[in-house]
């Protein structure tokens, strides 16, 4: 039986400090706020986060028609999904689709950037602090099959039989036989099943999804983990810049000879950045609260583990802590200088008072 999976490329960009979804929706035809509900069991008080979703014009790369859609999040992230159908006889046939070669040398990355630029041209005036992060977008590849085409009736036994081929597909290795047992085991470590005939295997660069339905909830979990990685990477780079400049400002501050120099501008900037980053970090964390403690939560944790989201989060939190310490140092030094000035003024006034009394008594 020929295989005809969907190949999906998930992209995420940090484009602004805030995207006002209500305003943006009015400027985009076909856009609307939506949610993705779990297709499996979920808590009764389940409250999914809303985001703005819209289809974008399809693209054609040679004989391949690529469907494009966008999800916009209030905390400034745009996620694009590019997907198309591929055919092959075995899993190894789809390894080239990690980086497909289309006529004219066009790539999925270039196509995604074209779609993003077209979208931003329509909404940029409505964004808060519009920007494009200099880092490359996070891109993630998903191979989505139907259980029947893979002959998957029991996920555990199927994975035991075809695990090496799955590992080769996800690691872009054209020859499965070359992979070591350790690499195969590591690649398959994050795998999940809810029913006997569904399977999700999550690796660093790609995932295998075998579901009867559209698997929209599974894809959303991957998108959320991907956008978290983008945000933490962006703010890690931003904090590198801010902290480095703050060190330079503080060094000049300490070397300045006059005691009348204050740290007002530095303190205001550090405080503003700290508040902004804390607010964004909270919104990023809130984006995954819809998952709850069920099957999707385990898949999210699998993605977060593969993407090293917690490590990036820890790096950002450590730099925020450093920013706090710099703020406190600047604040303490500024207060110390102000106290010194006040003490000097008091002493001068005291001396003037004594001089006046001396002059009066002399007359």
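Nothing in this text is a laboratory measurement; each read-out follows from the coordinates by a stated rule. None of the values given here were measured: they were computed from a predicted structure. Ideal geometry is used to build each Cβ from the backbone, glycine not excepted, and the neighbour counts take in all protein chains shown.
Suppose R0 equals 45 Å; then what is the FRET efficiency for residue 156 and residue 324 from their Cβ-Cβ distance, rounded to the nearest 0.05? Efficiency computed from Cβ-Cβ geometry: 0.40.
Compute the FRET efficiency between residue 128 and residue 305 as 1/(1 + (r/R0)^6), taking r as their Cβ-Cβ distance and R0 = 22 Å, and round to the nearest 0.05. Don't skip to the answer; put the middle values down first.
On the way: r = 32 Å, r/R0 = 1.46.
Working from the Cβ atoms, E equals 0.10.
Put in order of Cβ neighbour count within 10 Å, fewest first, the listed residues 81, 87 become 87, 81.
Kindly put 158, 294, 13 in sequence by how many other C-beta atoms sit within 10 Å of each C-beta, fewest to most.
Going from sparsest to densest Cβ surroundings: 294, 158, 13.
For segment 6-215, the equivalent ellipsoid built from the Cα gyration tensor has semi-axes of 33, 22, 15 Å, listed from largest to smallest.
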